[in-house]
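Here the structure comes first, spelled out in structure tokens, and everything after it is commentary.
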Amino acid sequence: MALITWTPEQFATNVSVHDQEHQALFERLNKLDSTLASGDRGAIGAALDALIDVVGKHFASEEANMEKTGYSGLAAHKAQHDKLVETCLDLQKKFHAGAADVTPETTAFVRDWLYNHIPNIDKAYGPHMNGKGIA
Ligand code: FEO
């Protein structure tokens, strides 16, 4: 069973590019989660790298649209992004150095971060961006 499932009711921001990015991000997180049981560090590392890559690109994409449209919540929003990226990069570095593992608690942490961030923080930019012609 998938760790996280995108539904419009729970996650739609009504900005299609970001809704699509969120769905791609969920796919990568589910892939990482489903790879854990294998215990294959090569596969887990590849799935971790793929997830972190898409997270970084998504955050940059959102921040660019917030900046382009003069969104007043940009700084607070970016601070949340930066904190997660710092946590992810630290884990990535330690994992590849053999000093940390990726566990079900890791993927649950990211899932729970998304459960909070998208409905409470991302959705708030929807009406603003829609009003600036980004839908
Ligand atoms: Fe969709 Fe602010 O991350």
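Since every read-out is calculated from the coordinates, none of them should be taken as a lab result. Since the structure is predicted, the reported quantities are computational estimates derived from the model, not experimental observations. When we count neighbours, we look across all protein chains shown, and the Cβ atoms used for this are built from the backbone with ideal geometry, even at glycine.
Would you mind pulling out the separation of the Cα centroids of region 28-79 and region 98-121, in Å? Between the Cα centre of region 28-79 and that of region 98-121, the gap is 11 Å. Under 20 Å of direct C-alpha separation, and excluding same-chain neighbours fewer than eight residues apart, Lys57 reaches these lysines: Lys31, Lys68, Lys78, Lys83, Lys93, Lys123.
Membrane-span-like helices in the chain (whole DSSP H runs, Cα extent of at least 27 Å along the helix axis, mean Kyte-Doolittle hydropathy of at least -0.5): 41-68. Listed by Cβ neighbour count within 10 Å, with the fewest neighbours leading, Glu63, Glu21 appear as Glu63, Glu21. Based on Cα contacts under 8 Å between residues 6+ apart, the chain shows a relative contact order of 40 percent. Based on DSSP H segments of at least four residues, each scored -39500 (n - 2.57), the chain has a per-residue ellipticity at 222 nm of -23500 deg cm²/dmol.
For Thr5, Thr69, Thr106, what's the fewest-to-most ordering of other Cβ within 10 Å of each Cβ? Don't skip to the answer; put the middle values down first.
Details: Thr5 11, Thr69 16, Thr106 20.
Fewest-to-most Cβ neighbours within 10 Å comes out as Thr5, Thr69, Thr106.
Assuming 0.36 nm per residue, please report the length gained on full extension of the stretch Asp101 to Arg41 beyond their Cα-Cα distance. The partial results should precede the final answer.
Working: separation 60, 0.36 × 60 = 21.60 nm, distance 0.87 nm.
Stretched out fully, the Asp101 to Arg41 stretch lengthens by 20.7 nm.
Within the listed set Leu29, Leu91, Leu48, the residue fluctuating most in the Gaussian network model of the chain (springs between alpha-carbon atoms under 10 angstrom) is Leu91. An ellipsoid equivalent to the chain, defined through the eigenvalues of its Cα gyration tensor, has semi-axes of 28, 16, 11 Å when rounded to whole angstrom and sorted largest first. Computed over the Cα atoms of region 1-75, the ratio of the radius of gyration to the Kirkwood radius (Rg/Rh) comes to 1.06.
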